[in-house]
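Right, one structure below, let's go through it.
The values are calculated or read from the model by the stated rules, or taken from the named source; none is laboratory data. From a predicted model like this one, the values you see are computed outputs, not experimental measurements. Here the Cβ positions follow ideal geometry from the backbone for every residue, glycine too, while neighbour counts run over all protein chains shown. SASA here: full protein model, heavy atoms, side chains in, ligands and nucleic acids out. Shrake-Rupley method; radii C 1.70, N 1.55, O 1.52, S 1.80 Å.
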Amino acid sequence: MTQSVYLMILLLCLRLMCPLTTGIFMEKLTSKMLCVDDNCVCTNSLARAEEDYNASDCRFINIRKGQLIYVYSKLMNEKDSGEFWAASMRVYGEQYEDHMGTVGYFPSSLVSEQHVYQEANKTVPT
């Protein structure tokens, strides 16, 4: 009887660890993006958030109306380009301090570009 209890506990532990070892697979957003350089590390524009946005998963960032955002890449889907942009936060004010340096995607429709530093014209695979 004790062997079967130990076996059940072992199986339960393995099942609980399974998601940790296999990871969570998410659908790829796109296969290409537009960048200024080959590594997508140069800023191509500065945008201001026109609306709040709460991230839907870990690939995205939360943005708040009025925040300035450095844009590094623009994802290209098959229909058009730039549905989602990759960015890093530029934070003004203590209430946004915890988001400083956060990098992730957000919908481009929620921001307005304030200044274009360099045109993103290099197509880079994601």
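Figures for the structure shown
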item: Residue list for the stretch 36-52, restricted to those being open to solvent by 40 Å² or more (accessible area, probe 1.4 Å) and more than 14 Å from Val103 (Cα to Cα); result: Asp38, Asn39, Arg48, Glu50, Glu51, Asp52
item: Single unsatisfied condition, Asn39 versus (1) at pLDDT below 85; (2) assigned to a loop (DSSP other than H, G, I, E, B); (3) not charged (D, E, K, R); result: (1)
item: Pick from the stretch 53-76, criterion among the hydrophobic types (A, V, I, L, M, F, W, C) and not in a strand (DSSP E or B), ranking: least open to solvent (accessible area, probe 1.4 Å); result: Ile61
item: Flag for Gly82 being in contact with a Ser or Thr (Cβ under 7 Å, 6 or more places away or on another chain), among the small types (Gly, Ala, Ser), part of a loop (DSSP other than H, G, I, E, B) and modelled with pLDDT under 80; result: no
item: From the options Met17, Met33, Met89, residue that is modelled with pLDDT under 65 and outside any helix (DSSP H, G or I); result: Met89
